[in-house]
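Notes for the one structure printed next.
The values are calculated or read from the model by the stated rules, or taken from the named source; none is laboratory data. Bear in mind the structure is a predicted one, so any value in this text is a computation, not a measurement. Positions of Cβ are generated from backbone atoms using ideal geometry, with glycine treated the same way; all protein chains shown enter the neighbour counts.
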Amino acid sequence: MTTLPKKKLLGALRSALASKFADGKLLVVNAFDVKEPKTRGFREALDKLKIEKTVLLVEVPNHGIAISSSVRATSRARS
């Protein structure tokens, strides 16, 4: 497996986010606080934001390098 240089990876992420922004499909949330790192807490927070499709969470730690993870936000039937 080949790894990409950090500059290229960050450039690709920047380009993808710029494209979503240009299409009006980018939502930026300053703080995404959940009590515990559990699926239920994340799902409730995404429901409050009315997020129903694919989500990209980007965490910016204190040292300034972005770490990203992709999560599939799926709707659930409620009883």
Pairs, first within 14 Å of Leu57 (Cβ to Cβ) in the range 34-45, second at pLDDT below 85 and of a type in the set (Lys, Arg), C-beta under 7 Å, six or more apart: Gly41/Lys35
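Within the range 9-23, is there a residue that is at pLDDT 75 or above and assigned to a loop (DSSP other than H, G, I, E, B)? Before you say what the answer is, go through the steps one by one.
Taking the range 9-23 first, the residues at pLDDT 75 or above are 9-23.
If we keep only those that are assigned to a loop (DSSP other than H, G, I, E, B) too, we end up with 23.
Checking the range 9-23: at least one residue is at pLDDT 75 or above and assigned to a loop (DSSP other than H, G, I, E, B).
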Result of the Cβ filter at 6 Å on the range 7-23, keeping first residues that are over 15 Å from Thr54 (Cα atoms) and partners that are in a helix (DSSP H, G or I) and of a type outside the set (Gly, Ala, Ser), at least 6 apart or interchain, is none
Can you name the residue in the range 44-79 that is at pLDDT below 80 and among the charged types (D, E, K, R) and is also farthest from Leu13 (Cα to Cα) among such residues? Arg78
Condition test on Gly41, is it of a type in the set (Gly, Ala, Ser) and either modelled with pLDDT under 80 or part of a helix (DSSP H, G or I) (or both)? yes
